[in-house]
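Just below is one structure, and these are the notes that go with it.
Each value in this text was obtained by applying a stated rule to the coordinates, not by laboratory testing. What you see is a predicted model, and the numbers here were worked out from it, not measured in a lab. As a convention, Cβ positions derive from the backbone with ideal geometry for all residues, glycine included, and neighbour counts pool all protein chains shown.
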Amino acid sequence: MKNSVIISFAAIALMAFGATANAQSKIGIIAGFTSSNSNVKDFDTKSVSQYHGGLTLQIPLILGLSLQPSVLYQMKGTSLDQVQSGSSFSVDTKVGYLEIPVAIQYGIDLALLKPYIFTEPFIGYGLNFEAKQNGLNSTIKTIKNDWEEANISRWEYGLGLGAGVNIWRLQISARYFWNFGSLCDDEGKVSTDSITETVTKAFKDGKNFNGVTFSAALFF
């Protein structure tokens with residue numbers, strides 16, 4: 001199912017970028033702030049503040065509708081804390097994705113500005129990550145970019161809902177997003193490594209990297 005979802009979203013994004021022949025389409029740069037968190041049983045979680053940036057394309061349709069696909073470098077993360085045998089133990093995980101969101105927008109043109117609401121399915125492919133363990137017998141260990149060892153899936157997909165406003169060539173928006181599915185590569189994997197064990201236990205339930213983004217785009 002995950003592969004079919006990824007292929008479908010990729011096809012939509014490619015068709016949208018192919019619509020640049022529309023004379024009213026505008027391409028721009030987009031960047032902003034990303035805050036993601038987790039909802040994981042048996043762990044105390046903290047939000048992780050990161051960033052995103054890339055290219056975006058706004059394609060006007062009809063009746064106030066527009067399509068806006070983007071290609072982003074999106075950083076997400078989570079901080080997981082647990083007490084084991086009376087000592088504190090934490091694993092901080094950050095993942096950088098090549099992400100393709102496709103926003104479907106509806107707005108009202110008020111001449112000088114256009115407020116709008118949108119829904120935004122997205123897919124992403126992991127480019128890099130870092131999982132860092134602190135505590136647990138005073139040991140510190142880091143796994144970087146070894147996806148198999150950390151048992152982190154490189155694919156992600158989900159949905160965002162938000163609102164924004166277009167002011168001439170400037171766009172400001174905010175959204176809440178949900179990641180669907182497991183971010184664990186092998187849910188049945190058993191490991192004696194505390195980082196791998198923690199990531200597997202936490203990421204297999206599909207409740208990670210949900211959060212908010214605040215973005216600003218400049219169109220040309």
Spelling out what I want: for every residue of the stretch 58-75, take phi, set θ = phi - 60°, compute 6.51 cos²θ - 1.76 cosθ + 1.60 (Karplus), and round to whole Hz; glycine and proline get x. 9, 10, x, 10, 10, 6, x, 8, 8, 10, 9, x, 9, 10, 10, 9, 10, 9
When the Karplus curve 6.51 cos²θ - 1.76 cosθ + 1.60 is applied with θ = phi - 60°, which whole-Hz ³J(HN,Hα) does each residue of the stretch 207-220 get, with x for Gly and Pro? 10, 10, 6, 7, x, 10, 10, 10, 10, 10, 10, 10, 9, 10
Provide the packing ranking of 90-100, 110-120, i.e. peptides ordered by the mean count of other C-beta atoms within 10 Å per residue, highest first. 90-100, 110-120
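Considering only the other residues whose Cβ falls under 10 Å of the Cβ of Q82, what net charge follows from Lys and Arg at +1 and Asp and Glu at -1?
Net local charge, Q82 excluded: -2.
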Exceeding the 27 Å Cα-Cα cut-off - candidates K144/K204; K132/K207; K26/K144; K144/K201: K26/K144
Summed residue charge, Cβ within 13 Å of S70's Cβ, Lys/Arg positive, Asp/Glu negative: 0
Built amide H within the under 5 Å cut-off of F129, gap 5+: G96, N145
May I ask for the net charge around N208, where only other residues with Cβ less than 10 Å from the Cβ of N208 are counted and Lys, Arg are +1 while Asp, Glu are -1? +1
